[in-house]
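> For reference, the structure I am asking about is given below.
The values are calculated or read from the model by the stated rules, or taken from the named source; none is laboratory data. Nothing here was measured: the structure is a model prediction, and the numbers come from that model. Every residue, glycine among them, receives a Cβ derived from its backbone with ideal geometry; neighbour counts consider all protein chains shown. To get the accessible areas, we keep the full protein, side chains included, count just its heavy atoms, and leave off ligands, DNA and RNA. Shrake-Rupley method; radii C 1.70, N 1.55, O 1.52, S 1.80 Å.
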Amino acid sequence: MANRIRPLDEKVQPVRIALRQINVEEVARQAEVPASTLRYDLRKVEAALPEVLANQTPGPKPPDSTSPVSNRLQPVEEVKVCPVCSGRVRKNGTYKILNWLLMLTMGWLGIQTVCIQRRRCKTCGYEMVSPERARQAEARRAWWRQVARLIGLSRFKLGLSVRKTQLLVGFVYARQVSVGYVERLTHRLGQRAQSVLNKLNQCRQNVAQFLLYDETFPKLSQQVYSLGVSICEYGLIRSVRCIRQKAKDIPAQLRAVVGEHFHPTYFLTDLDVLYKEYMTKAGLNLTHLRDKVHLIRQIVRLFEEAVRDVTLEVPKGLPMKERKQQLQLKRRLLWKRLQPLLSLAFKAFSPGYESVCVLMLEGLVSQLQDPAVIIQSASVQTLARRLQRFLNKHADTINLLLQLSVEQGTPTTTNALESKNSLFKPFSRIAKFFSNLARCEAFFAGVALMENFDIKTRGAHQGTNAMQRAGINLEDLGATDFFSAVGLPKPQISFADVTE
Ligand SMILES: [Zn+2]
């Protein structure tokens, strides 16, 4: 059997016997060395026999058991001289660190580690920073930055709760961040967003003439406070504030929103009577306009009240049931009479009638007062009186509002603002955890700033964001998107590091 593998013992034994048959004294004499020395050397050979005669594994020698990465980088880090004391630098064991680069690029893989070769100065103990360690440190910063960006997106755009955000990060990166971290980060980003919003009026921008203001009442916490939102005609959210004491907080908000590059002429609100007072209190002298939708709604309400307040004069002794029937009938008849007049009011506010809107409304009042048009019952007379009072109060601002909209295309409604308000509502559900007013305000500022940078994918403003429409100079603002505005630009990581 030519190619039989011989056991080690079978090879060692014969050689050992051969070694013992050597005549040590004779050989020592011939070689002119002491016999004891020769005997000592032979014993060493005999002891080494198993090692010498063992079969060698074919193929190249296996590489060092430490990471191939550090091996590959060895030529680069072969710095032999200590930069501190010029002593000799030697290898000093290996240690494992998290492989941030892999976790950044393929987070779903989960926790990965990499082995680092430590090199230390023998004299002073200075430890050299290997290129791999520097690379991982850069990747670690990038990882945390990217996770923070993800949290920002989740909180201020997707409207996910803290725990759902935690879940999202865990899914993408297979690595947990704590609830506390998400909460603290949310607050920090919110505060930064707040200061960015405060800076808006100091940036060069398109001339904005309108300041639209409204309050919304999302369920913020047990203590009820509302959210005051102000935008301009471009739909840019200029400020959000939690309002606890209206008389103090609203004027403060209005005062803060106007600044060097934003000084509107018109103040557009709903019909709340106090807004004018707040505006004056804020030291602003704007022309106060009222939202068209609210004006129409007010007219509808007056008509409805007239129908509801119908009085009935009936003979005594009529049973209750028939009395009710009579009343219903009278209401129905009056409603039928009033309906054409009400549709006239709707027509007055519709596009194309801007120049004659107030005239039409005045005509409406005189028709209401005309016995030939409608029976002058008590409730109809009241309606005519109230409508006249409404006109006395709002005729001028209605004319101005409609004139501006025709001439300059400015808004006649606060619809844009109300759609912003409805945006905040779902967020209040995840913000309810903030029992604290300041935290809440910061949170909504984050939502507002995200919305300002949000490029619309459909609708009238498709392809633009509010910042662009308002012409905010982004150099003045110092940011081009939400994340750079709150100090989280895309992490800069050298491409070579990733592909190497
Ligand atoms: Zn040294």
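> Rolling a 1.4 angstrom probe over the protein chains, ignoring ligands and nucleic acids, what is the accessible area of LEU211 in square angstrom, nearest 10?
0
> Any idea what the alpha-carbon Rg over 2.2 N^0.38 Å comes to for region 155-214?
The reported ratio for this selection is 1.62.
> Further, regarding this structure: For LYS44, go through the lysines and keep the ones whose alpha-carbon is under 18 Å away, minus same-chain ones fewer than eight residues off.
Within the straight-line cut-off, LYS44 pairs with LYS11.
> Shifting gears a bit: Take peptides 369-376, 481-488 and line them up by average Cβ neighbours within 10 Å, highest first, as a rough protection proxy.
Going from most to least packed, we get 481-488, 369-376.
> When we measure straight from the Cα of LYS425, which aspartates and glutamates land under 18 angstrom away, once same-chain ones fewer than 8 places off are left out?
Once the sequence-local aspartates and glutamates are set aside, what remains near LYS425 is ASP214, GLU215, GLU441, GLU451, ASP454.
> Another question about this same structure. Give me log10 I(q)/I(0) at q = 0.12, 0.19, 0.26 Å⁻¹ for region 234-300, Debye formula, one equal scatterer per alpha-carbon, no solvent.
For region 234-300, the Cα-only Debye profile gives -0.34, -0.82, -1.29.
> OK, next. Taking only the alpha carbons of region 375-500, what extent do you get along each of the three principal axes, in Å, biggest first?
91, 42, 27 Å, listed from the longest principal axis down.
> About the Cα centre, and with charges only on the beta carbon of Lys, Arg (+1) and Asp, Glu (-1), how big is the dipole of region 247-316? Nearest 20 debye, please.
Working: 10 positive and 10 negative charges, 12 e Å.
My answer is approximately 60 debye.
> List the lysines whose Cα sits under 18 Å from the Cα of LYS324, skipping any in the same chain fewer than 8 residues away.
LYS316
> In whole Å, how far is the Cα centre of region 440-466 from that of region 142-201?
17
> To continue, here is another question. So how do LYS490, LYS11, LYS281 rank on accessible area, 1.4 Å probe, biggest first, that is with the largest at the start? If you can, show how the numbers build up before the last one.
Details: LYS490 140, LYS11 25, LYS281 110 Å².
Result of the area sort, largest leading: LYS490, LYS281, LYS11.
> Give the accessible surface of region 171-311 per residue, rounded to a whole number of Å², with probe radius 1.4 Å and ligands, DNA and RNA excluded. Numbers along the way, then the final one.
On the way: 6280 Å² over 141 residues.
With all protein chains present, region 171-311 gives 45 Å² per residue.
> So, one more: Quick check for me: using +1 on Lys/Arg Cβ and -1 on Asp/Glu Cβ, what's the dipole size of the chain about its Cα centre, in debye to the nearest 20?
1420
> For region 377-423, take every pair of Cα atoms, bin their distances at 10 Å starting from 0, and report each bin as a whole percent.
That works out to 23, 28, 30, 17, 2, in percent per bin.
> Across every pair of different alpha-carbon atoms, what Kirkwood hydrodynamic radius in Å does region 115-256 reach?
Value: 19.2 Å, from the Cα pair sum.
> Expressed in nm², what is the orientationally averaged projection area of the convex hull enclosing the Cα positions of region 319-374?
Its Cα hull, projected and averaged over all orientations, spans 4.7 nm².
> Positive end of the dipole of the chain, charges at C-beta (+1 Lys, Arg; -1 Asp, Glu), about the Cα centre: which of GLN328, GLY235, THR413 has its Cα farthest in that direction?
Of the candidates, GLN328 comes out farthest on the positive side.
> Same structure again: Counting only DSSP beta bridges with both residues in the chain, what percent are antiparallel, rounded to the nearest 5? Don't skip to the answer; put the middle values down first.
Details: 22 of 29 bridges.
Counting only bridges with both partners in the chain, antiparallel ones make up about 75 percent.
> Right, next: Dividing the Cα radius of gyration by the Kirkwood radius, what Rg/Rh value follows for the chain?
With Rh from the inverse mean 1/r over Cα pairs, Rg/Rh is 1.37.
> Here is a further query. Going highest first, how would you order 400-408, 14-22, 234-242, 196-204 by mean Cβ packing within 10 Å? Each step should come with its number before you reach the end.
Numbers: 400-408: 15.9, 14-22: 10.4, 234-242: 24.6, 196-204: 18.6.
Highest to lowest by the protection proxy: 234-242, 196-204, 400-408, 14-22.
> Dividing the alpha-carbon Rg of region 354-397 by 2.2 N^0.38 Å yields what?
Values: Rg = 10.9 Å, N = 44, 2.2 N^0.38 = 9.3 Å.
Expressed relative to 2.2 N^0.38 Å, the Cα Rg reads 1.18.
> Over all distinct alpha-carbon pairs, what is the Kirkwood Rh of region 304-441 in angstrom?
By the Kirkwood definition, the hydrodynamic radius is 18.9 Å.
> Right, something else. Could you work out the helix-only [θ] at 222 nm for the chain, with each DSSP H run of four or more residues adding -39,500 (n - 2.57) and the total divided by the number of residues, to the nearest 500 deg cm²/dmol?
Using -39500 (n - 2.57) per qualifying helix, the result is -17500 deg cm²/dmol.
> Another question, then. With all distinct Cα pairs included, what does the Kirkwood hydrodynamic radius of region 433-491 come out to in Å, to one decimal, could you say?
12.8
> Separate question: Are any of the pairs LYS199/LYS248; LYS96/LYS157; LYS91/LYS490 more than 31 Å apart by Cα-Cα distance, and if so, which?
LYS96/LYS157; LYS91/LYS490
> Using a 1.4 Å probe on the protein heavy atoms, what percent of the accessible area of the chain belongs to carbon and sulfur?
It is 54 percent, rounded to a whole number.
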